[in-house]
Amino acid sequence: MTAPPLVLNPHERDLGGGFVVRRLLPALQRPAVGPFVFFDHFGPISAGPQDNHDVRAHPHIGLATVTYLFEGAMMHRDSTGAVQRIEPGAINWMTAGRGIVHSERTPEDLRGVVRRSHGLQLWAALPEADEEAEPVFAHTEAAAIPELEAGGARLRVLVGEAFGARSPVATRSPTLFVDIRLEAGDAFPLPPAAERALYGVDGSFELDGLAQAPNRMVVIGADAEPMLSASGPARLVLIGGEPLGPRLIWWNFVARQRERIDQAAADWAAGRFPQVPGETEFIPLPSK
């Protein structure tokens with residue numbers, strides 16, 4: 001008998017000002033899926049002029065952040081000098097490597113109005129050879145992301161390759177990230193990958209006829225090729241790729257060795273990270 005898939009439940013975290021996220025990775029039962037070691041789903045949430053959901057300048061090492069919006073907009077700034085308005089449908093891939101600092105703020109034109117925010121932020125670990133790479137930020141416009149149909153469903157191949165379509169987003173290791181929109185009656189088998197998981201953004205779905213609730217991550221066995229279907233409208237994302245081995249995570253730092261994380265913490269506390277041009281606020285180092 002085939003074992004049931006592993007289902008990860010979200011843990012809610014308040015990032016400040018009532019901005020709550022659902023965190024799926026890392027999980028005790030599953031620290032990573034492919035290269036992805038972190039997965040946050042935020043919103044949908046409405047904010048008004050009185051709300052401040054800005055994320056002040058903070059550092060990263062040893063990872064790449066992946067930001068994908070369904071609604072809203074944010075202004076990205078980082079220590080490489082990149083300034084980029086992030087809007088729905090685009091992929092924003094920031095390779096921290098040996099060290100980067102960035103902030104994510106509400107664009108000025110949206111501060112005085114009621115606004116919606118909804119999206120995902122993931123972290124992908126870097127291969128050991130790239131952990132100390134030069135930091136870089138890459139923005140891929142929504143129009144550049146390939147779209148296709150499979151079994152009636154609409155798919156956007158955000159990162160990697162699936163169903164013969166390849167994303168233009170450059171990665172450091174084999175990585176898969178697909179946005180899927182299903183309507184009642186749509187069905188197709190999932191593409192193979194070394195490791196895969198499905199996350200229900202909204203609406204329930206079925207895997208081989210077994211109902212799955214939204215806001216849960218379903219980890220799929222390496223040899224399984226389940227049929228994905230839905231009885232009604234549902235949006236999901238498929239993530240996966242080649243695993244990179246164990247990683248340590250503390251605060252915003254990812255590394256293979258504890259000593260590297262300790263060094264990054266000391267560097268942030270001592271002000272040795274590069275600065276974000278124009279930023280005067282920053283998030284202080286938390287207590288260990």
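The values are calculated or read from the model by the stated rules, or taken from the named source; none is laboratory data. Just so it is clear, the structure is predicted and the values come from calculations on it, not from any experiment. Note that each Cβ is placed from the backbone with ideal geometry, even for glycine, and that neighbours are counted across all protein chains shown. Heads up: the accessible areas ignore ligands, DNA and RNA and are worked out on the full protein's heavy atoms, side chains in. Shrake-Rupley method; radii C 1.70, N 1.55, O 1.52, S 1.80 Å.
Collect the residues in segment 198-215 that are of a type in the set (A, V, I, L, M) and either part of a strand (DSSP E or B) or open to solvent by less than 20 Å² (accessible area, probe 1.4 Å) (or both), keeping them in residue-number order.
198, 201, 207, 210, 211
If I ask for residues that are hydroxyl-bearing (Ser, Thr, Tyr) and assigned to a strand (DSSP E or B), which ones from segment 126-175 would you list?
140, 175
Filtering 124, 133, 129, 144 for residues that are open to solvent by less than 30 Å² (accessible area, probe 1.4 Å) and without any contact (Cβ under 8 Å) to a residue 40 or more places away in the chain leaves a single hit, 133. Annotation: residue 28 fulfils all but one of (1) of a type in the set (A, V, I, L, M); (2) in contact (Cβ under 8 Å) with a residue 60 or more places away in the chain; (3) more than 13 Å from residue 197 (Cβ to Cβ); the unmet one is (2). Consider segment 17-30 and keep the residues that are over 14 Å from the mean Cα position of the chain (by Cα) and under 16 Å from residue 121 (Cα atoms). The one that is modelled with the lowest pLDDT is 19.
In the condition set (1) open to solvent by 20 Å² or more (accessible area, probe 1.4 Å); (2) modelled with pLDDT under 95, residue 191 is compliant with all but (1).
Among the candidates 254, 276, 218, which residue alone is surrounded by 14 or more Cβ atoms within 10 Å (Cβ to Cβ), modelled with pLDDT of 95 or more, in contact with an Asp or Glu (Cβ under 7 Å, 6 or more places away or on another chain) and β-branched (Val, Ile, Thr)?
Details: 254 fails: in contact with an Asp or Glu (Cβ under 7 Å, 6 or more places away or on another chain); 218 fails: in contact with an Asp or Glu (Cβ under 7 Å, 6 or more places away or on another chain).
Unique residue meeting the criteria: 276.
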